[in-house]
Each structure stands twice: as structure tokens, then as C-alpha cells.
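Every number here is computed from the coordinates shown, using simple stated rules; none is lab data. Because the structure is a prediction, the values reported are computed rather than measured. So basically every Cβ, Gly included, is an ideal-geometry build from the backbone, and we count neighbours across all protein chains shown.
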Amino acid sequence: MKLSGSVIAGGAAALLLGLSLEAGAVELRGWNIHVEDYPVSHGMERFLEDVAEKTDGRITGKVFHGGVLGSQPDAIEQVRLGAIDFGVFSLGPMGQVVPETNVVSLPFIFKSIEQMYRVMDGAGGEALGKGLEAKGIVALGWYDAGARSFYNSVKPINTPADVAGMKVRVMNNDLFVGMIESMGGNATPMAFAEVYQSLKTGVVDGAENNPPSYESTGHYEVAQFYSISQHLIIPECLCMSKITWDRLSPEDQAIVKAAGRASADYQRELWQAREKASMETVLAAGVKVNEVADKAPFQAAMEPVYDQFLAAHPEMTDLVTLFRNAE
Ligand code: BDP
């Protein structure tokens, strides 16, 4: 039997519900947008196994893969309400709820994946964690989602002018609409689950994502040009509902926190391997991959995204500087 909210306060509640859960037992419900065989998914499963082991089975749970518990924006709300206990969320759509997390959705904010790790494991991650917590979400670990590049069914992208006039699907965040518009393209925010069909039927010409998502969704079957622009490096958050978190004892919180962090290390390792494997898969399927030789024109074209963001959120200036200037 599955419980939503899922923390059973004790034996009395379990008895009332006719359950065999022991006193203090906790069953966590996890949301995941990805298919079962995906680095994020394996990271989440590892997290649950670790927690179950360290709590002698007092805290168990189940991850619902494939987005069956709803779209990402909806699931973020469910986590805030405590109806879903945890999930791995892209900080892209998170920006609509937690303003601080928008910083990582600014194009080219990170210089490399290694730098992203350093910032997220240090002062940057701490600042974002505070922003999340203020909105009812506890960050347990930062997962890797590589770098996002453009793909479409029309032609290779080499310059920002190639995006002009194209209909491009983006994740739910106004920043991404601005990003596409800065190159003269037409942006369509859309749920992840709808992108395949929209590419296939021409509702959009293209989208942008990292190689594992491009591959695991089958988008490469319907959008055969993948152009390595790497304009966004957006980390992901293994996040727990603060409502669930507050019901745990300090000892269990420490276990959960450590397991979250360890699962991120594991996920990052898997990520590197999957990126390579995904590129091999799509190349073997005939995808035309091109490396954007000069990223500077993209950086220049996307600069207005920063100006607009900082004009609307002057209070984020220090945070943007922290991320931009980090070693
Ligand atoms: C993937 C992220 C996932 C997003 C998806 C998207 O891992 O969280 O939902 O992109 O583009 O890379 O919607």
C-alpha cells in the first residue's frame, strides 16, 4: 500500500490505517522525470538503498520514474506541499519558484563542469540551498546534468543567426524564452513529455538538452541535427520536502543528508559514462553532430538575458557575480 505524505507518525497511526509499518517507520515517495535506466534514476535508487540500510529499514521508499507523478513544475509544487517527499529537479524550472536558482539558468554562467562542481559544492550551492529552503525544499545533493546544446530537424546550428526564425522548445522558465528570443528564435515552453510528439509533428523545429536526455527520450529520431553549443550548464537537485524533512529526527536527517550527498557522487560518475554512451548511440543512428567552433557570438547574443534578469532582480547581483567569478 502506498501512502502520500508518507510519514507515519507511529504505531497508532499505522494501526489505524491497518498497516504493518513499525512505530516510527517512514515511507518516502520519490518523483523522477527520467526513465528507469538513467543516471538520475540510479542515483535516486542508491539514495533510498543507502537510507534504508543506515536506518535498519525504518526509512524506506519508492521512486516513481518516467514522470508518472506529473510534470516537473507540478511536482515541484507537490514537494513543497509534502504530497511528494523527494525528487531530482532541474534548477531550470525551479527558477520559477526559487528566484536564486535562476542564476544557473543564465547562459554560459559556468566555465566548465569542473567549475560547476566546485561552485555547487561550495558557497554557490549553499546560497541556492538557502533559497530552496525558504520555499519549503531541502537540498540534499547536487546532481550533474552536463551541458545543454541545440538540436533540430532543419539544419546544423553554427551561429546565433541559424536559430533565427526557428521554433524552439524550452523548459518552463522565462529566462529560456528570453534566451531564444535574443537570437531571433521563437521559444515555446513545454513539458518534457510533450517534446517528442511536438518535434515529430513540427509543432517545434527543435529543442535543447544534454546528450543523455536527447538520446533517452528518442528525440534524436525526430530531430537529427545536434549542434554542440553547450550554452547552459544546469545542475540538478536531489531535494526533499521540508515537511517530510521536519518530521525526521535529527539523527535521521543526518543519515538522509549524507546519503543524498553520496548519491550525488555516484550519479556524477554515472553521468560521465552515460554522456559518452549517448553520443555513441545517436551517432550510430545517423545523427549529424557538429561542434560549434566559435561560442563567442552565442555568448554575445545572450548577454541581454543577463541585463534583463539583473534589471528585474537587482538583489541577485551579488549572487550572479559569485557564480560568474568563481574559480
Ligand atoms: C533534462 C532534465 C530534466 C528536464 C529536461 C527538460 O534532466 O529535469 O525536465 O531536461 O528539458 O536534462 O525538460
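Here the gap between residue 115 and residue 327, fully extended at 0.36 nm per residue and compared with their Cα-Cα distance, gives a gain of 75.7 nm. Rounded to the nearest 500, the helix-only mean residue ellipticity at 222 nm of the chain stands at -13500 deg cm²/dmol, with each DSSP H run of n ≥ 4 adding -39,500 (n - 2.57). The shape of the range 82-217 comes out prolate: with a ≥ b ≥ c from the C-alpha gyration tensor, a/c is at least 1.5 and a/b beats b/c.
Summing +1 for each Lys or Arg and -1 for each Asp or Glu among the other residues whose beta-carbon sits under 10 angstrom from that of residue 127 gives -2. For the chain, the dipole from Cβ point charges (+1 on Lys and Arg, -1 on Asp and Glu) about the Cα centre works out to 340 debye, to the nearest 20. Pairs exceeding 19 Å between alpha-carbon atoms, taken from 111/257; 167/276; 200/295; 155/288; 111/295; 54/130: 111/257; 167/276; 200/295; 54/130.
Amide H contacts under 5 Å for residue 155: none, restricted to partners 5 or more places along the chain or on a different chain, H placed in the peptide plane at 1.01 Å from N. Each of 270, 128 was scored by other Cβ atoms within 10 Å of its Cβ. Arranged with the fewest first, they read 270, 128. Dipole of the range 143-241 computed with +1 at Lys/Arg Cβ and -1 at Asp/Glu Cβ about the Cα centre; of 213, 146, 199, farthest Cα towards the positive end is 199. Pairs of Cα atoms nearer than 8 Å and 6+ residues apart set the relative contact order; for the range 140-287 it is 38 percent.
Quote the relative contact order of the chain in percent (integer), defining contacts as alpha-carbon pairs under 8 Å separated by 6+ residues. With pairs under 8 Å counted, the relative contact order is 23 percent. Against the longest alpha carbon principal axis of the chain, how many degrees, from 0 to 90 and to the nearest 10, is the axis of helix 39-54 turned? Long axis of 39-54 versus the principal axis of the chain: about 20 degrees.
The relative contact order of the range 164-233, computed from alpha carbon pairs under 8 Å that lie at least 6 residues apart in sequence, is 31 percent.
Placing one identical point scatterer on every Cα of the chain and ignoring solvent, what is log10 I(q)/I(0) from the Debye formula at q = 0.10, 0.16 Å⁻¹? Results for the chain at q = 0.10, 0.16 Å⁻¹ read -0.57, -1.35.
Applying the Karplus relation 6.51 cos²θ - 1.76 cosθ + 1.60 with θ = phi - 60° to the range 270-285 yields 3J(HN,Hα) values of 4, 4, 4, 5, 5, 4, 5, 4, 5, 4, 5, 4, 6, 5, 5, 8 Hz, where x marks Gly and Pro.
Full extension of the chain between residue 200 and residue 74 yields a length gain of 42.9 nm, computed as 0.36 nm times the residue separation minus the alpha carbon distance.
3J(HN,Hα) along the range 134-144, derived from phi through the Karplus expression 6.51 cos²θ - 1.76 cosθ + 1.60 where θ = phi - 60°, amounts to 4, 10, x, 10, 9, 7, 9, x, 9, 8, 8 Hz, with x in place of Gly and Pro.
Give, as a single signed number, the net charge of other residues whose beta carbon lies under 11 Å from the beta carbon of residue 305, with Lys and Arg counted +1 and Asp and Glu -1. Taking every Cβ under 11 Å from that of residue 305, the sum is -4.
Electrostatic bookkeeping for residue 205 treats Lys and Arg as +1 and Asp and Glu as -1; over the other residues with beta carbon under 13 Å from its beta carbon, the sum is +2.
Rounded, prolate or oblate: which one fits the range 212-315, using the alpha carbon gyration tensor with axes a ≥ b ≥ c (rounded when a/c is under 1.5, else prolate when a/b beats b/c, else oblate)? The shape class here is oblate.
Seen from a random direction on average, the alpha-carbon convex hull of the range 139-238 projects onto 6.0 square nanometres.
In the range 258-327, the convex hull through the Cα atoms has an average projected area of 8.2 nm², a quarter of its surface area.
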